[in-house]
1. Calculate the radius of gyration of the Cα atoms of the chain to one decimal place, then report Dmax, the largest Cα-Cα distance, as a whole number, both in Å.
2. Given the C-alpha centroids of the stretch 79-104 and the stretch 218-273, what is the distance between them in whole angstrom?
3. Could you size up the charge dipole of the chain around its Cα centre, putting +1 on the beta carbon of Lys and Arg and -1 on that of Asp and Glu, and report it in debye to the nearest 20?
4. With springs connecting C-alpha atoms under 10 Å apart, model the chain as a Gaussian network and identify which of 229, 40, 167 has the largest mean-square fluctuation.
5. How big is D, in µm² s⁻¹, for the stretch 172-224 by Stokes-Einstein at 4 °C and 1.567 mPa s if Rh is the Kirkwood radius over C-alpha pairs?
6. Hey, rough spin-label estimate for residue 145 and residue 13, points 7 angstrom out along Cα→Cβ, what's it come to in nanometres?
7. Sort all Cα-Cα distances of the stretch 20-111 into consecutive 10 angstrom bins from zero, then give the percent of pairs in each bin up to the one containing the longest distance.
8. Got a sec? Which residues in the stretch 251-279 would a label at residue 20 touch, if it sits 7 Å along Cα→Cβ and we count backbone N under 19 Å?
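Just so it is clear, none of the values below were taken in a lab; they were calculated from the coordinates. Because the structure is a prediction, the values reported are computed rather than measured. Here the Cβ is made from the backbone with ideal geometry for all residues, glycine too, and neighbour counts use every protein chain on show.
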Amino acid sequence: MKGTGVALVTPFKKDLSIDFDALENIIDHVIRGGVEYVVALGTTGEAPTLSKEEKKQIYTFVSEKVKGRVKCVAGIGGNNTTEVVETIKAFDFSKYDAMLSVSPYYNKPNQEGIYLHYMELAKVSPKPIIIYNVPGRTGSMISASTTLRLAHSSTKFIATKEASGSAEQFMDILHGKSSEFEVISGDDNLTLPFLAMGMSGVISVIANAYPKDFSEMVRLGLKGDFEAARKLHFKLYEVMKTIFLDGSPGGVKVLLNEMGLCENIVRLPLTPVNTHLDDKLRQMVHTIK
């Protein structure tokens with residue numbers, strides 16, 4: 001999973017139903033922009049507010065509209081190991097290349113519990129698994145040693161999406177991993193410096209809005225052309241930071257709305273960003289060329 005993956009937003013209509021026409025437009029937008037793969041129902045997709053039937057509809061819709069143009073990754077996770085296992089068993093992976101699975105949240109398991117949770121997923125998943133470490137959301141950290149233990153325990157684990165923001169964590173994993181195991185950034189604004197450390201790419205939020213510039217920055221960084229990559233990084237740097245100032249994906253949905261790609265609507269308990277930030281983001285759309 002090298003290069004840029006985009007964690008697709010889930011667009012909603014004013015009545016809060018899923019806007020599948022807008023979702024198709026966003027899928028086409030990011031693929032035309034050059035991303036290497038898409039992720040259906042990652043954190044940015046607001047999965048916690050979707051029913052099981054809605055999730056099933058989105059998984060099917062995304063794979064059908066991608067039509068094999070890029071790789072597809074399914075976000076499947078939870079804090080009930082047995083339930084996640086049953087979800088994987090029932091999932092149609094025929095048009096998906098891998099699964100992204102977040103570390104169990106709220107329960108705050110210890111490292112042994114995290115390890116055993118993922119090993120249960122590896123037993124039943126027919127496709128490769130990307131571990132997802134995002135302690136700011138889950139309330140617990142997957143340690144570097146646990147990540148490496150998983151990577152060395154099963155070939156099902158092909159990568160980790162690291163959104164801890166810790167350079168030491170990244171370096172510990174990069175230092176101890178095999179050549180087959182990838183480390184993927186989960187923070188847009190940190191992607192370029194972490195590519196210099198040896199990361200393989202990113203699963204991005206900002207690439208929903210700016211897939212062309214962001215994915216090209218990643219490709220340049222992977223090639224070692226950091227002078228050219230830096231120009232694109234700083235072109236997007238302020239907007240990459242700003243979209244997260246009042247919750248995500250509220251920020252990126254403002255950009256997509258200003259671009260005419262979807263409504264600026266999120267489901268409770270999320271709310272749209274504050275008026276000041278909304279105005280600032282809309283102005284940014286017209287200054288980034």
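1. My reading of the Cα-based Rg and Dmax gives 17.9, 49 Å.
2. First find each Cα centre; the distance between them is then 27 Å.
3. Dipole magnitude for the chain comes out near 380 debye.
4. 167
5. After rounding, the answer is 113 µm²/s.
6. The two pseudo-label positions are separated by 5.4 nm.
7. 15, 49, 27, 9, 0
8. 262-263
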